[in-house]
Structure formats: C-alpha cells, structure tokens
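The values are calculated or read from the model by the stated rules, or taken from the named source; none is laboratory data. Bear in mind the structure is a predicted one, so any value in this text is a computation, not a measurement. Cβ atoms come from the backbone with ideal geometry, glycine included; neighbour counts cover every protein chain shown. All accessible areas refer to the heavy atoms of the entire protein, side chains included, with ligands and DNA or RNA removed. Shrake-Rupley method; radii C 1.70, N 1.55, O 1.52, S 1.80 Å.
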Amino acid sequence: AKCLSRLWGWMSRRGWVDSRDAARDLDKPSQRIRTRMLSDAEIGVLLGPGVPKAILATAYNPLRRAEICRLSWDAVDVIGGHHWVSVRVKGGALFRTYLSPQFLDCVETTEGFMFLAVRGRRAGQPMLPNTLSGLMKDYAKRVGVPDVGVHDFRASYMSWAEGAGLSERVADGVPAHARQGIMRHYGHSDLAEVKRDALEKWARHLDGLRV
C-alpha cells in the first residue's frame, strides 16, 4: 500500500493521474470506519496496573496513533504552568493540544520525541504507529478485553463528551476531527481554554475508572 501511494504521488506530480490518492483513481472502496466504543468497565480494565505508558497516554489525549508517535518536546510551550504541544494532524494542519498532568506522567523522556522506538536501529527515533497498534492489541488480549484498537479511545471520548454536555465544536476540537469550511482549522486561541477544560474533565473521568 505504501509503495502504491508513493508511486501515485510520483505520477500525480507529473500529471499522469488525477490525484495523489490512488483510491480515488482506482475507485477503491472507502476505508471502513471503526465505531467500537469502550464501556467504562472495559476502560477500567485497560487502564489498570501494568498498562503500557504509551497506551495510557493515548487514553488521556485521544489523538490518532501517528499523532501520538510524532509528539516532540521541541514543539511544547508552557503557558501559565500548562503544557501545550503542536503536532501535524490528518490533512497536514498544525494542531495545538493540551497535555494534562496525567498525560505527562506517562512520558518517560525529557527531550526529543515523547514516545520512542522500542529497540534496534531506530533507537532515539519516534515509536512507529504500527508498534503502538501492536502494543495495544497484545495488551488488550492479555487483560481479556477483545477487539480493541488505539482508535477506540477516540470514539469513547466522543461518547463521553456528548454525555458530558460538551458542544460539538469543543468535542470535535479535542481529537482533531475534520470539519468543513472555515471550521476546518484547528488550534485557534479561542478554543484553547475550553479544550484544556474538556481534557481535564476527561482525565478526571478516566482517573475515576482506573482500578
């Protein structure tokens, strides 16, 4: 898939195909959207003793797996004692998100990337998204929660946000969901405080579920 994507990008730059997305030109069926939502009981088990730090961090800040892996201390700003980090999200936009104390407790580095490759020649490089997915799959199987992926924390956050009465704009703003028109851009300063408040409330909710 990666080879095909690069080939299509190369051909697109030369005007040989209509877009950089091979799926559009090949009329490939769209990717299935995962809708699995974790129950509070399942979250409690997943965030119990022994949970890998990268998984726990993804629960507290439900970004996409690639975005979690790209988080870097070089992109962190401390404003009023609060930590904010910028990361490129789906579509290439620069997104600014709040890092709660619970999230920061999961980070074992003090410089460079926050979550590092496990071993081998990639030492010092960021964790690969597939590594994070595999870590999630293996851990979920070990604790007895079936069919769990990293993305499920995002869906679970959205379900909680609806029940907590968060506005649609704030609920979508935290996990960097795509929006249309002028609202497609993320990280606006007018959303900063409400996003921080939402993530702090979400963190307290998760704290209450942990065994």
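Mind checking whether some residue in the range 23-34 is more than 20 Å from C106 (Cβ to Cβ) and either within 16 Å of the chain's Cα centre (by Cα) or at pLDDT 95 or above (or both)? Scanning the range 23-34 turns up at least one residue that is more than 20 Å from C106 (Cβ to Cβ) and either within 16 Å of the chain's Cα centre (by Cα) or at pLDDT 95 or above (or both).
Might you let me know whether the range 189-198 holds any residue that is modelled with pLDDT under 85, under 25 Å from G92 (Cα atoms), open to solvent by 40 Å² or more (accessible area, probe 1.4 Å) and not β-branched (V, I, T)? Yes, the range 189-198 contains a residue that is modelled with pLDDT under 85, under 25 Å from G92 (Cα atoms), open to solvent by 40 Å² or more (accessible area, probe 1.4 Å) and not β-branched (V, I, T). Of all residues in the range 106-113, none satisfies being out of contact with any His (no Cβ under 8 Å at 6 or more places or on another chain), within 21 Å of A198 (Cβ to Cβ) and at pLDDT below 95. Look at (1) touching a helix residue (DSSP H, G or I) at 6+ places or on another chain (Cβ under 7 Å); (2) modelled with pLDDT under 90; (3) surrounded by 13 or more Cβ atoms within 10 Å (Cβ to Cβ) and you find that A178 fails only one, number (3).
Can you work out which of the residues in the range 41-55 that are part of a loop (DSSP other than H, G, I, E, B) and among the small types (G, A, S) is least open to solvent (accessible area, probe 1.4 Å)? Across the range 41-55, the extreme among qualifying residues is G48. Restricting attention to the range 10-22, the residues that are at pLDDT 80 or above and in a helix (DSSP H, G or I) add up to 2.
Table: residues versus (1) closer than 20 Å to A203 by Cβ; (2) free of Cβ contacts under 8 Å to residues at least 24 places away in the same chain.
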site: I43; (1), (2): yes, no
site: G80; (1), (2): yes, yes
site: G91; (1), (2): no, no
site: V107; (1), (2): yes, no
site: D138; (1), (2): no, yes
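Every listed requirement among (1) more than 12 Å from the chain's Cα centre (by Cα); (2) free of Cβ contacts under 8 Å to residues at least 60 places away in the same chain is met by V87 save one, (1). Checked against (1) of a type in the set (V, I, T); (2) touching a helix residue (DSSP H, G or I) at 6+ places or on another chain (Cβ under 9 Å); (3) open to solvent by 20 Å² or more (accessible area, probe 1.4 Å), V89 passes all but condition (3).
Quick check: anything in the range 158-170 surrounded by 15 or more Cβ atoms within 10 Å (Cβ to Cβ), at pLDDT below 95 and under 14 Å from the mean Cα position of the chain (by Cα)? Yes, because at least one residue in the range 158-170 is surrounded by 15 or more Cβ atoms within 10 Å (Cβ to Cβ), at pLDDT below 95 and under 14 Å from the mean Cα position of the chain (by Cα).
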